[in-house]
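First up is the structure itself, then whatever we jot down about it.
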């Protein structure tokens, strides 16, 4: 695990990866191998963008996302675009949107977001990111806030 204050070539590699991904601007650092505040903030932006817990540390889940190839990302996008193509244009007056990657659920009724049911990330294991509870039960409990 990498975190703020760490030092070494793996920190420099992380810095370069986040720079190439656009999370970290081009700048000169006194020590490219030091995990400083700027790198921590860039890592948090990366984590948020990828639906991860934005804790500013490189844990197993974050490392997996960081190491995903551009080809795999393109394949992911193509698959999601194909899924999106098959969604109906009109979802109706009342529907729910579930963002599995971000662990969020939203309810829309008559064109208004009536229930910011928010996140169920509190039901994730902090060490593995694995759901600790039955996801169907969790979605049902989030829907209880709907009118």
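If you filter segment 33-58 down to residues that are farther than 19 Å from residue 12 by Cβ and in contact (Cβ under 8 Å) with a residue 24 or more places away in the chain, you find that the one that is farthest from the chain's Cα centre (by Cα) is 53.
Please verify whether residue 32 is in a loop (DSSP other than H, G, I, E, B) and either modelled with pLDDT of 95 or more or surrounded by 14 or more Cβ atoms within 10 Å (Cβ to Cβ) (or both), treating the condition exactly as stated. In short, yes.
With respect to being modelled with pLDDT of 60 or more and surrounded by 11 or more Cβ atoms within 10 Å (Cβ to Cβ), residue 65 fits the description. When 52, 14 are screened for being assigned to a helix (DSSP H, G or I) and either in the same structural domain as residue 105 (by TED's automatic domain parsing) or on the phi < 0 side of the Ramachandran plot (or both), only 14 passes.
Checked against the criterion of being touching a residue at least 40 places away in the same chain (Cβ under 8 Å), under 17 Å from the mean Cα position of the chain (by Cα) and either more than 29 Å from residue 15 (Cα to Cα) or not in a helix (DSSP H, G or I) (or both), segment 80-99 has at least one qualifying residue.
The values are calculated or read from the model by the stated rules, or taken from the named source; none is laboratory data. Model, not experiment: these values are computed from the prediction. FYI the Cβ positions are ideal-geometry reconstructions off the backbone, even for glycines, and counts take in every protein chain you see.
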